[in-house]
Amino acid sequence: MSAFITQESIDEVTSKTDIVQIIGEYVPLTQRGSDYSGCCPFHNEKTPSFHVSADKKLYHCFGCGVGGTSVNFIMEMEKLTFPAAIKIKTKKAGVQLRYTESGRESQREDPEQKLKEQLIDLYGRTASLFHYMLVQTEAGKFALDYITKRGLSRETIEKFKIGYSPADRKWLRKFLLKKNFSPDFLNRSGLFSRKYPDIAFFSDRLMFPIFDRRGECVAMGGRFLRGDPQTSPKYINSGDLLQYKKGSTLYAFNFARQSIREKRQVIFCEGYMDCIAYHQCGITHAVAPLGTALTDEQITIVKPFIDTVLLSFDSDGAGQKATERAIIMCRKHGITVKVIRLSGGKDPAEIMLNYGPEVLTNEISNAILDSDYLLSKLQELYPKQNPDAKAKACMDFFSYLDVLQSDVQREACLEQLCQAFEIDLEAAKRDYSNRERLSRRINRNVDVKQMAPNRTEKIRLTSELRAVLTAVTDDPQYFQKMKQEISADDLDDPQAKELFTIMDECLEGDTFSVSNILNRCMSDEFRNLIIQSIGEYSSHVEKSVNDSIVLVKRNILDKKSRNILMEIKRLETSSLAEDKNRIKDLLSQKIDIDRQIALLKG
């Protein structure tokens, strides 16, 4: 029979829980007498209609009608079952749950939730194990030396529980089996290869545990450290798991939440190291998207607590595109956006190491408004002496004006555009009113390469790009199938990687269509290439996608095999025991890879 949580346990948890504290972790609340109020997290509103009664331990929204206890609130916010929500509250209340063989059906233990809790426990134990390998073992010493030279203190390493995954790819499974984890459970954990379950997904990497908002480890990311950098991607990350959805999680939000609430702003930065560097410098309201570009779900996590978003992405081409996309997304949510322009180094970690926290803090203080950032980029791209270039600059900037929610702000930004490009304001207003018709005409007639020949590169149709193009359709099932087999990190061609990322963003945002994919592309040449490819593959999409997946996977495996052979040749002249062991491990990896290649060819 199934066990149920006793009513006495539920009552005890409820009586010992501070509902204001629980809800306050998700919604900024203002005290009004004995009650509290704020904007409802379940529907969009600007005037607070959401009320919390500390005495009655209840909440209610007069706008949309939702209400209940703190358990109901957690269930709705976290999409949890009743028992799972109760368990979260028991940790805060310090109550030991009691069970019985009879009770309400709603209190029954959910098998999926139980598996989710077991996975969280496994990831927490594995993160602790990797952390121990980094700070306490000789095998992890080189990784510890590396991260220490990057400027991270022991305190920071402890706080973020940074670790090291052993080079022996079979070690982790053997260790966990000895700890009585079942083979079937480990196969489903995401820590091991799906085809070769003895092989760990992470090996010989610097490890970054990924925590949920409650501080539970739910996933991991690993950074490549040594050997030939062509052997594998610089970073690999956990895919979506039962307990983890990368598009709905923000790295370091558990550490940053309180500071975000106090400052009413958040810094979105590029990755693990940048985020950690900010925190070590005392700038603790920094978080990072995980594996993909910023998503609407990630913005929604911080939206109740902030007035302003600060963007701190890299200054390279990919970073600039990420910044422009994030500006549009945040403005759609009605959030003020500023851009941090790092002049002292390529990223926050480098600035922290070379110049110290003061310089990084100063860069944040000098962040510029998103409109100023976009106009400066347009001025770099389009010479204002060229009438066609002026028209194209206007059309690019109009997409930003479209997402502004204030008419006054929109007109002020339009005036900025006119000043930057010496355009008559009334003419710009007329073009803005007719922007859809003008956009089609300008995109057809304007030669962007003549405007800025140094900023546009010829797109080379590589096998990787051709493969990704096969999945561009109005039906997302083909890209979903491709995404299950390969990721953007598997691709070397930057154009293929960019298109894959755009399609992934559309899929995550439930806006997957050819038109939306085209709208996100940054160049006309890229858009034209996509349109041509749709016609080429439209009659046999499914076969083309299947063939493309096989092609990319073979390319990945072939490259790994070649790089392993190069690494073996490099180590063959060494007499060190650890290098001999490394050769054995590499040979084992090559055998596995050759087997995979043979299966694909078959």
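List of remarks:
- Residues that are under 23 Å from the mean Cα position of the chain (by Cα) and in a loop (DSSP other than H, G, I, E, B) were ranked within the stretch 466-481; the one that is surrounded by the fewest Cβ atoms within 10 Å (Cβ to Cβ) is PRO476.
- Any hit, the stretch 212-225, residues being part of a helix (DSSP H, G or I) and open to solvent by 10 Å² or more (accessible area, probe 1.4 Å): no
- Selection within the stretch 342-382 - open to solvent by less than 20 Å² (accessible area, probe 1.4 Å), assigned to a helix (DSSP H, G or I) and not hydrophobic (A, V, I, L, M, F, W, C): PRO348, GLU363, ASP370, SER371, TYR373
- Count of the stretch 431-454 residues which are over 18 Å from LEU518 (Cα atoms), loosely packed, with under 12 Cβ neighbours inside 10 Å and modelled with pLDDT of 55 or more: 2
- In summary, helices (runs of 4 or more DSSP H) completely within the stretch 67-156 and bearing 1 or more residues that are modelled with pLDDT under 85 occur at 70-78, 82-93, 111-136.
- Restricting attention to the stretch 132-180, the residues being under 20 Å from CYS217 (Cα atoms) and open to solvent by less than 60 Å² (accessible area, probe 1.4 Å) number 14.
- Test: residue in the stretch 189-197 that is over 29 Å from LEU586 (Cβ atoms), more than 22 Å from the chain's Cα centre (by Cα) and in a loop (DSSP other than H, G, I, E, B): no
- Here LEU507 qualifies as at pLDDT below 80, among the hydrophobic types (A, V, I, L, M, F, W, C), in a helix (DSSP H, G or I) and open to solvent by less than 40 Å² (accessible area, probe 1.4 Å).
This table checks each residue for (1) in a helix (DSSP H, G or I); (2) open to solvent by 40 Å² or more (accessible area, probe 1.4 Å); (3) touching a Leu at 6+ places or on another chain (Cβ under 7 Å).
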position	(1), (2), (3)
ASP558	yes, yes, no
SER574	no, no, no
GLU578	yes, yes, no
ASN581	yes, yes, no
LEU587	yes, yes, no
ILE591	yes, yes, no
LEU600	yes, no, no
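- Scanning the stretch 304-323 for residues that are at pLDDT below 90 and more than 17 Å from ASP347 (Cα to Cα) yields PRO304, PHE305.
- Failed condition for MET522, given (1) in a helix (DSSP H, G or I); (2) of a type outside the set (Gly, Ala, Ser); (3) modelled with pLDDT under 70: (1)
- Of the residues making up the stretch 22-48, those that are free of Cβ contacts under 8 Å to residues at least 40 places away in the same chain and either open to solvent by 20 Å² or more (accessible area, probe 1.4 Å) or over 32 Å from the mean Cα position of the chain (by Cα) (or both) number 15.
- Residues in the stretch 259-267 include none that are open to solvent by 20 Å² or more (accessible area, probe 1.4 Å), on the phi < 0 side of the Ramachandran plot and in a loop (DSSP other than H, G, I, E, B).
- Any hit, the stretch 299-312, residues being among the small types (Gly, Ala, Ser) and in contact (Cβ under 8 Å) with a residue 60 or more places away in the chain: no
- Selection of the stretch 412-430 for residues being surrounded by 11 or more Cβ atoms within 10 Å (Cβ to Cβ), out of contact with any Ser or Thr (no Cβ under 8 Å at 6 or more places or on another chain) and touching a residue at least 24 places away in the same chain (Cβ under 8 Å) yields LEU417, ALA420, PHE421, ILE423, ALA428.
The values are calculated or read from the model by the stated rules, or taken from the named source; none is laboratory data. From a predicted model like this one, the values you see are computed outputs, not experimental measurements. Using ideal geometry, Cβ is built from the backbone for each residue, glycine included, and neighbour counts are taken over all protein chains shown. What goes into the accessible areas is simple: the full protein's heavy atoms, side chains included, and nothing from ligands, DNA or RNA. Shrake-Rupley method; radii C 1.70, N 1.55, O 1.52, S 1.80 Å.
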